[in-house]
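First the structure, in the form of C-alpha cells, and then the observations on it.
The values are calculated or read from the model by the stated rules, or taken from the named source; none is laboratory data. Here the structure is a predicted model, which is why all the values come from computation and not from measurement. Neighbour counts run over all protein chains shown; Cβ positions are idealised from the backbone, glycine included. Surface accessibility is based on the protein's heavy atoms, side chains included, excluding ligands, DNA and RNA. Shrake-Rupley method; radii C 1.70, N 1.55, O 1.52, S 1.80 Å.
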Amino acid sequence: MAGDYRVDTLAVPETLELLHDLLDRVREEHPDVERTDLMLFETAVIEIANNVVEHARPPGTVHYSFTLDVAPDKLHGLLSDGGPPLPQVLAVLPSDDAEHGRGLALARMALDELEYERVDDHNEWRMTRVRR
C-alpha cells in the first residue's frame with residue numbers, strides 16, 4: 001500500500017493514541033480531505049483497533065500494524081493483527097440496553113467498505129472510505 005502512514009505496535013490500550021496521532025498528521029498534511037470523511041474513517045479505525053486490543057490474548061503479546069493510503073478518491077486502511085481468528089464478524093447493532101458490541105457496527109456505518117479475512121496466522125481488516 002502506498003504512503004508513509006504506518007503504526008506497528010503491541011495491541012495494548014496505550015497504543016491507540018498512536019493511531020490518533022497518525023490521523024492528526026494526515027489531517028495536517030492533507031487539508032483537502034473533508035473533515036467528515038477523516039472523522040468517520042478515524043472512528044472506524046479506532047473501533048476496530050480497540051476490538052483487537054480488547055480481545056488480544058494473552059494481553060500484551062499480540063502485535064498489530066495499521067497502514068493508511070490517502071488516495072485522490074478514497075482513504076484506504078489495512079489493519080493486520082496477530083490475534084486469534086474471529087468466529088464471527090457480523091456487525092449488527094445490539095439492543096439499546098446492551099453495554100458492548102457496537103464497535104464493528106459503527107465501523108461498518110462509517111465506511112463504504114469493511115472486509116475481514118483470516119490470512120495464515122493473522123487477521124486482516126481492510127477499510128475504505130470514499131472521499132466526498
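Scanning the stretch 23-38 for residues that are open to solvent by 50 Å² or more (accessible area, probe 1.4 Å) and either of a type in the set (S, T, Y) or touching a Lys or Arg at 6+ places or on another chain (Cβ under 9 Å) (or both) yields R27, D32, E34, R35, T36. Here R6 fulfils each of the conditions (1) at pLDDT 95 or above; (2) in a helix (DSSP H, G or I) apart from (2). Can you confirm whether the stretch 33-54 contains a residue that is β-branched (V, I, T), in contact with an Asp or Glu (Cβ under 6 Å, 6 or more places away or on another chain) and at pLDDT below 95? Yes - at least one qualifying residue is present in the stretch 33-54. Could you go through the stretch 62-71 and let me know if any residue there is in contact with a strand residue (DSSP E or B) (Cβ under 9 Å, 6 or more places away or on another chain), open to solvent by 20 Å² or more (accessible area, probe 1.4 Å), of a type in the set (A, V, I, L, M) and in a helix (DSSP H, G or I). No, there is no match, as no residue in the stretch 62-71 is in contact with a strand residue (DSSP E or B) (Cβ under 9 Å, 6 or more places away or on another chain), open to solvent by 20 Å² or more (accessible area, probe 1.4 Å), of a type in the set (A, V, I, L, M) and in a helix (DSSP H, G or I). Scanning the stretch 9-51 for residues that are in a helix (DSSP H, G or I) and charged (D, E, K, R) turns up E14, E17, D21, D24, R25, R27, E28, E29, R35, D37, E42, E47.
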